[in-house]
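One structure is given here, and the rest of the page talks about it.
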């Protein structure tokens, strides 16, 4: 892990990154890596009525701060929950901007083996970062 100094976590929803690889994020930061985190849906439509609609955005800001991610390295996009596949091109364009801005050594994505809408982030992430391990 020590060679990966800039890590980008791609999270379809605001809790996917910390639940999926929170330990790796924390360990990497303690080892000197800079971690960036991009969440593509805050799932506002799924928040119970008793909470503010931006509750999950608040929680991801708190969780990533606890993990040690610089708040400036947190990117939150407001795509509708369960509809990421309808905005594939827009997501790809956002990923290309992240690629060119962050210039990560390592990109962490959801598994290709899931059968949910998270596969849109995986597929577009692979497209946007396919040349990363070639050093291009």
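Throughout, read-outs are computed from the coordinates displayed, never taken from laboratory work. Note that this is a predicted model, so its numbers are computed, not measured. Neighbour counts are summed over all protein chains in view; Cβ atoms, including those assigned to glycine, are modelled from backbone coordinates with ideal geometry.
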Ranking of 127, 99 by count of other Cβ atoms within 10 Å, fewest first: 127, 99
Label-to-label distance, nm, for residues given as residue 112 and residue 78 (7 Å Cα→Cβ offset): 3.4
Highest to lowest packing among 6-12, 45-51, 31-37, 66-72, scored as the average C-beta count within 10 Å: 6-12, 31-37, 66-72, 45-51
Relative contact order (%) - criterion: Cα under 8 Å, at least six apart; region: the chain: 29
Antiparallel bridges, percent of DSSP beta bridges restricted to the chain (to nearest 5): 0
Binned Cα-Cα distances of the chain, short to long, each 10 Å bin given as a whole percent: 12, 45, 35, 7, 1
Gain in span if fully extended, residue 105 to residue 30, counting 0.36 nm per residue against the direct Cα distance: 25.3 nm
